[in-house]
Amino acid sequence: MTDLVQASPGTARLPRFTGWLLLAPLAVWLIAFVVAPALILVVYSFSERDELGRVVFTFTLENYRRAADPVYLAVFGRSVAYAAITTAICAVLAYPVAWTLARTRAPWRGRLLLLVMIPFWTSFLIRTYAWITILKSEGLLNGLLLYTHTIAAPLELLYTPGAVVLGLVYAYLPFMILPIYGSAEKLDPALIEAAHDLGCGPWQSFARVVLPLTRPGLAAGVMMVFVPAIGMFAISDLMGGARVPLIGNVIQDQFVGQARDKPFGAALAVIFMALFALLYWLWQRRTEGRVA
Amino acid sequence: MSASVELRGVAKRFGAVVAVDDVSLTVQAGEFLTLLGPSGCGKTTLLRMIAGFESPDRGAVLIGGADVTHLPPHRRDVNQVFQSYALFPHLSVRDNIAFGLRLQRLSRAAIEQRVAEIIALVALVGCEARKPHELSGGQRQRVALARALAPRPAVLLLDEPLSALDAGLRQTMQIELKRLQRRLGTTFVLVTHDQGEALALSDRVALVNRGRLEQVGPAAEIYARPATAFAAEFIGQANVIEAAMIGRGAELARLRVGGDFELSVPVALWPGEAPRAKIAIRAEKIRLVAAPVAAAENGFSARVEEKVFQGASDRLSLVTAGGVRLIAMAPNVRAGQGSFRAGDTVWCAVHPEDVVVLGET
């Protein structure tokens, strides 16, 4: 980008008035709904609450000290683990799908892409409730297994860690498929042929050519799955019951639940934001280093 | 010499399109063979069958005497130079060239030695650490060549390898390619639609048309003795005209060409008792003179309809009195010397031995 700008000096200038005008709606939106709330969170995180759960503005580090408590570190660790497992499963499932999509010709490619998107047409909550109907003790899956005498007693499927991971994978899989598809589509099929020609079997050509060349798509997919999965609370709430609280549930509990400790919830949220910002910065620096 | 590649009655169709129709061809070890033909003639499909990217519907593919018809590309002792080069963009020149060697599980030292050797061979010293996007077109071409040659394949396949280069570079690379092939003694099978490339490079040319082999032989032989009208017209510039036998002498036969002028050809060339046959006269074999030619010189007159300046020669479109259209070349022997102009009448002389009789009616 910078090279292009430098190459043609006439364009190397700030946007003019019309440019700012066009940017204005986005800028207002970002300030009102991203910057301002984030600032409020930061301010809250250094405050205290009174007995009624109201925020009292002081300056204290108590909330951050509490966040380092082993109880919360365990929840945090669990959240990271669940998000990591979810991301890994999504990546493994997404690659064959994205690859097939990228290699399919015109009319069918659009139809298959539509199948990936169709779940978005239904509310996320309704889809999660649908999973509950399938997984619960007297649900569809248990019913089928009992009917076919595969099992003697209903299996405990819902409200397990497995159910939470299933729900997360189901919710975020398209966010992994689409960016990988975007990368795979640009891959010249002749490169795969060249790899085969030079002695690669199917796995080797994946490891040596496909994976490195679709890494930008994979990286984008990882960001788009890992980050929201780590903060997700609805799925762990609905499909994990109260048994597997994630960090999202803890934060939610501070704001609208029984705990009613907005400053503490804000501190947890700020820690999260800082962590993601750090990860993103490291990732960005690495990719830029590779290009240069 | 032994057979390096052998195609036995291979055929392939894509849906309703017959790409290759019963082709049998043997490439000798160390030979430079070119599959030449117009686009869509099936030459690339033939190459991809040897590489293993396509499997024939019928027939067999043999490499070094072994049947490889059902072997995948990575188990065949052939490597390909792709038309788009297909260099791995994420790997340096060195890693691209070492790609095939690493898969052969050679020792690190052996790989390094071979890479250095091949980089020197294709004159890429100093470019080892660069990525493909940092190279010029000609350099990319060399990397593609080096990458395919590094694992010492029995056969090197080249799919229109020079088509992406500009004219000057293409000629340089032609010479280098030929030199490389002679030096390595590897069997080269090249696909091209460029007759000049085929003539310049190959020991033998296999002319492909509509999924079939039209003629196989040394380039000079196909040029001098094309077997079919297609062969005559695709290689070089030839006038293919129908001729009728009007008089048979002891040595020469007299023909009426295109229902118009008369020409003599050696009677031995004429296909038996056939009353009519197609003949081909190469554009550059027509000698043009301003004064009438003697009957003994085997000539006829024509009017210049159009002249196209081509540098080394003028390309003339001629029409005879009877309406036969011919292309002839008038070489620019001396600067400023008056060539012919549109509207001029010229006399054309053709040596009887230069008339090609195509065995068809």
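The values are calculated or read from the model by the stated rules, or taken from the named source; none is laboratory data. In this text, all values refer to a predicted model and were calculated from it rather than measured experimentally. No Cβ is skipped: glycine too gets one built from the backbone with ideal geometry, and neighbour counts run over all protein chains shown. Keep in mind that these areas ignore ligands, DNA and RNA; they rest on the heavy atoms of the full protein, side chains included. Shrake-Rupley method; radii C 1.70, N 1.55, O 1.52, S 1.80 Å.
Some observations on this one:
- For region B:270-290, a residue qualifies if it is among the aliphatic types (A, V, I, L, M) and either modelled with pLDDT of 85 or more or open to solvent by less than 60 Å² (accessible area, probe 1.4 Å) (or both), and the qualifying residues are B:Ala274, B:Ala277, B:Ile279, B:Ala280, B:Ile281, B:Ala283, B:Ile286, B:Leu288, B:Val289.
- Selection within region A:118-145 - assigned to a helix (DSSP H, G or I) and of a type in the set (Gly, Ala, Ser): A:Ala130, A:Gly143
- Selection over region B:56-100 of residues that are assigned to a strand (DSSP E or B) and among the β-branched types (Val, Ile, Thr) gives a count of 4.
- Only residues that are aliphatic (A, V, I, L, M), within 17 Å of B:Pro153 (Cβ to Cβ), open to solvent by 10 Å² or more (accessible area, probe 1.4 Å) and more than 7 Å from chain A (Cβ to nearest Cβ) were counted in region B:69-114, giving 4.
- Residue in region A:103-117 that is over 18 Å from A:Ala234 (Cβ atoms) and part of a loop (DSSP other than H, G, I, E, B) present: yes
- Checking A:Arg78, A:Arg109 one by one, the residue that is open to solvent by less than 80 Å² (accessible area, probe 1.4 Å) and under 26 Å from A:Ile247 (Cα atoms) is A:Arg78 and no other.
Here's the yes/no breakdown for (1) more than 10 Å from chain B (Cβ to nearest Cβ); (2) of a type outside the set (Val, Ile, Thr); (3) surrounded by fewer than 19 Cβ atoms within 10 Å (Cβ to Cβ):
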site: A:Leu178; (1), (2), (3): yes, yes, no
site: A:Tyr181; (1), (2), (3): yes, yes, no
site: A:Ala184; (1), (2), (3): yes, yes, no
site: A:Pro189; (1), (2), (3): no, yes, yes
site: A:Ile192; (1), (2), (3): no, no, no
site: A:His196; (1), (2), (3): no, yes, no
site: A:Pro212; (1), (2), (3): no, yes, yes
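- Some residue of region B:136-156 being among the basic types (Lys, Arg) and surrounded by fewer than 17 Cβ atoms within 10 Å (Cβ to Cβ): yes
- Evaluated against (1) closer than 24 Å to B:Met173 by Cβ; (2) surrounded by 14 or more Cβ atoms within 10 Å (Cβ to Cβ), B:Ala129 falls short on exactly one condition, (2).
- Some residue of region B:2-11 being assigned to a loop (DSSP other than H, G, I, E, B) and surrounded by 22 or more Cβ atoms within 10 Å (Cβ to Cβ): no
- Here the condition is being modelled with pLDDT of 90 or more, out of contact with any Asp or Glu (no Cβ under 7 Å at 6 or more places or on another chain) and surrounded by 21 or more Cβ atoms within 10 Å (Cβ to Cβ); of A:Ala207, A:Ala267, it holds for A:Ala267 alone.
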